[in-house]
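These notes are about the structure you will find just below.
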Amino acid sequence: MTRRRDVIIIGAGNVGTALGRVCRWHGLPSRVRSARRLWGQASLSLGRPWLLILAVRDAEIASWAERLSAEPTALKSTVVAHVAGRLPAEILAPLRPFCAGIAQMHPLISFANPTWVPPLAGGHMHVTGDAEAMRRCRHLAQRIGMRPRTMANLDLPAYHAAAALVANGTAALAHAGAQLLLRAGADADAVPTMLGALLTSVAATISTLGLPAALTGPVRRGDASAVALHLAAITQLAPEAAALYRALARAQIPMATMLSNASPASLAAIERALSGVENAHTPAPQR
């Protein structure tokens, strides 16, 4: 007889709510419990689920491990996992004597709102921990269309920083771009879908071509004149974004160097344009 693979998620925020919905969509019975309400109950009454997921704030995970260990019979044959990207499975170590295993299962996906589930298909879920716990977390990831991955000796704070740099940095970048578009006269209703489609194309290009091959635009071409015109327009319409443009353009120069579409002289001219040096123009960029 196959055991019912039910999932309980503690934490009704963005990640917990989304995971609960997706589990149900893919035939995994799941319940999402409010961490705040559950914490105040005399008994947790979890019912020995197949997988218990802690989708609470990072700072609360250790406290929840202690709380759960106070009711050991509730965890018999249950795997307990958390979804924090920067914390190892070992933060749940107090539970190991009472459960079927502990794990970290971090979905490398951007969850921004509990009312909207982002596309998970093809997304990566980093899984570490005890053997049985990893097996169940991998099963859940595959069931909901994600790709489980375990990278030995991964520096978790650096891994999480990279995720934050890309996901949260992109949101901030899109906001800056949106302000510039609006001040340039773009239709306010169209801006989110314009930028969303652009970012979707960038994501697809990165997934298909990799990096640095996904780089496009004037820096890759070595077009210092275009960079100078960009800076002039930004300085006029959105001066608060000028430093961001300069930093990101400079970050593209090593990529462009690797791609060899632009000459060293044209890339040096771009650096001069970014530094505000006069006479940054160079002959037409290489095509």
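Placing R0 at 35 angstrom, the Cβ-Cβ distance between GLN41 and ALA161 gives a FRET efficiency of 0.45 after rounding to 0.05.
Here the gap between LEU154 and HIS26, fully extended at 0.36 nm per residue and compared with their Cα-Cα distance, gives a gain of 43.1 nm. A simple charge model with +1 on the Cβ of Lys and Arg, -1 on the Cβ of Asp and Glu and nothing else charged puts the dipole of the stretch 157-274 at about 280 debye relative to its Cα centre.
Rounded to the nearest 500, the helix-only mean residue ellipticity at 222 nm of the chain stands at -15000 deg cm²/dmol, with each DSSP H run of n ≥ 4 adding -39,500 (n - 2.57). Packing, taken as the mean count of other beta carbons within 10 Å per residue, orders the peptides 204-214, 141-151 from highest to lowest as 141-151, 204-214.
Overall, the chain carries a charge dipole of about 1140 debye about its Cα centre when +1 sits on the Cβ of Lys and Arg and -1 on the Cβ of Asp and Glu, all other atoms neutral.
From least to most packed, judged by other beta carbons within 10 angstrom and beginning with the fewest, GLU60, GLU271 follow the order GLU271, GLU60. Label sites at SER77 and GLU132, each approximated as a point 7 angstrom past Cα along Cα to Cβ, lie 1.0 nm apart.
Each part gets one Cα centre, and for the stretch 29-68 versus the stretch 158-174 those centres are 28 Å apart. Just checking the listed ones, ALA251, ALA18, ALA131: in the Gaussian network model of the chain with Cα springs under 10 Å, the one fluctuating most is ALA251. Considering every pair of different Cα atoms, what Kirkwood radius, in Å, is found for the stretch 7-149? In the stretch 7-149 this quantity evaluates to 14.7 Å.
Multiplying the sequence separation of ALA247 and LEU211 by 0.36 nm and subtracting their Cα-Cα distance, what value in nm do you get?
Here the answer is 11.1 nm.
A Förster distance of 51 Å, applied to the separation of the beta-carbon atoms of ASN113 and ALA268, puts the FRET efficiency at 0.70. Taking the square roots of five times each eigenvalue of the Cα gyration tensor of the chain, the equivalent ellipsoid has semi-axes of 47, 19, 16 Å, listed largest first.
FYI, it's all coordinate maths here, none of it is from the lab. Because the structure is predicted, anything quoted here is derived from the model rather than measured. Glycine gets a Cβ as well: all are built from the backbone with ideal geometry, and neighbour counts include every protein chain shown.
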